[in-house]
Amino acid sequence: MIINTFIIVVLLAGFNATTGQKELMVFPTPVFDNVDTCKDFVNRTKESLIYRTWQHYGPKPVEQIFCAPEDEALAFIKPKKKKDWTDGIELPPLNLMPGLDS
């Protein structure tokens with residue numbers, strides 16, 4: 001039996017001027033055992049998720065925040081080249097885990 005786990009993805013409105021693609025902010029943690037728990041977390045922490053996304057991309061409109069299967073979301077953003085991609089921006093972890101069970 002395959003068990004899906006879910007992570008949070010923030011989809012920004014508009015397109016990247018350089019690549020012509022949509023911009024996504026994928027949160028690899030926290031990981032949720034089911035989509036309902038993930039949705040509940042998103043509803044309770046929406047403003048923090050948007051703020052964290054703006055720290056990376058700047059204040060751009062958010063089109064949607066959703067919960068996606070972890071393997072699919074991470075595969076979508078995985079670099080196509082052998083050399084790992086980075087934009088050089090390192091953000092500290094999202095410190096919302098203690099409230100996950102509340």
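When you scan the stretch 35-89, how many residues do you find that are at pLDDT 90 or above and aromatic (Phe, Trp, Tyr)?
4
Take Lys39 and tell me if it is part of a loop (DSSP other than H, G, I, E, B) and of a type in the set (D, E, K, R).
Criteria not met by Lys39.
Just give me the residues in the stretch 40-59 being of a type in the set (D, E, K, R) and surrounded by fewer than 17 Cβ atoms within 10 Å (Cβ to Cβ), in sequence order.
Asp40, Arg44, Lys46, Glu47
Out of everything in the stretch 7-34 that is more than 14 Å from the chain's Cα centre (by Cα) and hydrophobic (A, V, I, L, M, F, W, C), what residue ends up being modelled with the lowest pLDDT?
My answer is Ala17.
Could you tell me whether Asn4 is modelled with pLDDT under 95 and of a type outside the set (Asp, Glu)?
yes
Does the stretch 13-39 hold any residues that are surrounded by fewer than 14 Cβ atoms within 10 Å (Cβ to Cβ) and closer than 30 Å to Ile3 by Cα, and which are they?
Correct list: Lys22, Pro28, Thr29, Val31, Asp33, Asn34, Asp36.
The values are calculated or read from the model by the stated rules, or taken from the named source; none is laboratory data. As the structure is a prediction and not an experimental result, all values here were calculated from the model. Note that we place each Cβ from the backbone using ideal geometry, even for glycine, and neighbour counts take in every protein chain shown.
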